[in-house]
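The values are calculated or read from the model by the stated rules, or taken from the named source; none is laboratory data. For clarity, every value in this text was computed on a predicted model and none was experimentally measured. All Cβ positions, glycine included, derive from the backbone under ideal geometry; neighbour counts span all protein chains shown. Note: accessible area is taken over every heavy atom of the protein model, side chains too, but ligands, DNA and RNA are not part of it. Shrake-Rupley method; radii C 1.70, N 1.55, O 1.52, S 1.80 Å.
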Amino acid sequence: MKAMGISHYKQKHLEPLTLPIPEISNKEVLVEIYAASLNPIDFKIRDGKLKMLLKYNMPLVLGNDFSGKVVKVGKEVKKFNVGDEVYGRPRKSKIGTFVEFLAIHEEEIALKPRNLSFEEAASIPLVGLTSYQALHDIMQVKPGNKVLIQAGAGGIGTFAIQLAKELGAYVATTASDAGKNLVSELGADQIINYRNQKFEEELTDYDYVYDTLGGKSLEDGFKILKPGGKIVSISGLPNARFAKEYKPGVIKSLLFRIASSKLTKLEKKHQVEYHFLFMKPSGKQLEIIRELIEAGKIIPIIDRVIPFDDIQKAVDYSESGKAKGKIIVKLKG
């Protein structure tokens, strides 16, 4: 089968790979992939920025979410049958969705939303699960809460705005003039033009910040929170709280504690909680998201669909930072 990946870290151009169709275990299904999406984590993995958390053998197939059809089921699989249309996000030890066939545990997939195409469905799993775990599980957003969602016109932001509104939040977001209309249509209550405004000067007394940028934007996020608030980041540094849950070992836990000491000081100064989110795959949560999509409460936002053979064009465009919503790679159909 065809696949696209890398043979070493920091390899900017993906290379074609020829691999055997994978065997499946008793609890796995074999999925023929119809579409996959690009996500920032693909580039972090490619460039070796997550080696402290994730170690992979080379060559490595990239890609972290997908949609497709089940073509084979393991002996103990109970939830799915051959022919089912599914979508999902594989566990971090078994990534690689830029490929024609994928073996994946039945607990990591769900039936594809009936009202979405394969391309639309492929845009959802990673951003959907990440946002659900940030807004629902960690923040526990309730009606009337004030939430800042950074980079609202991006892949994560377009989903997160819709979910936060569904949970009843007042949503502020950052966007440029090019993304202003999109985030407004998705329900954002206040839009900060990051080119000529500073969100930390415009916003105050917020309950939560959903940080997708890291760096100074993350640090400035602490300034707008009320005491007792939470800031959840997917681009910041792991801290001691994360290490306690993830259990990476004594040495790495110590390194996380040291590296995140500035963020810990900001926590204490502003009397808030900082959480580094490393999303977990969950078929059950994808079922919840599917129900929201089928009810019309969340719609996928896709910038463009690019054929699998032209995947490098998708990679280059994604890294340009110009995309509004998700970039999809089409493998079949």
Exercise. Restricting attention to the range 63-152, which GluC sites (Glu not before Pro) occupy a DSSP loop and are surrounded by at most 14 other Cβ atoms within 10 Å?
Worked result: GLU76
Exercise. In Å, the Kirkwood hydrodynamic radius of the range 206-285 over pairs of distinct alpha carbons?
Worked result: 13.0
Problem set entry | Rule-of-thumb Rg ratio for the range 122-206 [Cα; 2.2 N^0.38 Å; N residues] | 1.02
Problem set entry | Geometric extent, Cα atoms of the range 56-197 - Rg, Dmax (angstrom) | 17.7, 58
Seminar exercise, completed: Over the range 271-333, with neighbouring protein chains present, the accessible area per residue in Å² at probe 1.4 Å is 48
For this session: State the Kirkwood hydrodynamic radius of the chain in Å, one decimal place, computed from all pairs of distinct Cα atoms.
Result: 20.3
For this session: Determine the per residue accessible area of the range 56-178 with all protein chains present and a 1.4 angstrom probe, expressed in square angstrom.
Result: 33
Problem set entry | Principal semi-axes in Å for the range 157-278 [√(5λ), Cα gyration tensor, largest first] | 28, 15, 13
Seminar exercise, completed: Residue-normalised 222 nm signal for the chain, counting each DSSP H run of n ≥ 4 as -39,500 (n - 2.57), nearest 500 deg cm²/dmol, is -8500 deg cm²/dmol
For this session: Over all alpha-carbon pairs of the range 264-328, lay out the pair-distance distribution in 10 Å bins, whole %, shortest bin first.
Result: 16, 23, 32, 23, 5, 0
Seminar exercise, completed: Carbon and sulfur atoms account, in whole percent of the 1.4 Å probe accessible area of the range 107-261, for 51
For this session: Give me the angle, in degrees from 0 to 90, between the Cα long axis of helix 155-166 and the longest principal axis of the Cα atoms of the chain, rounded to the nearest 10.
Result: 70
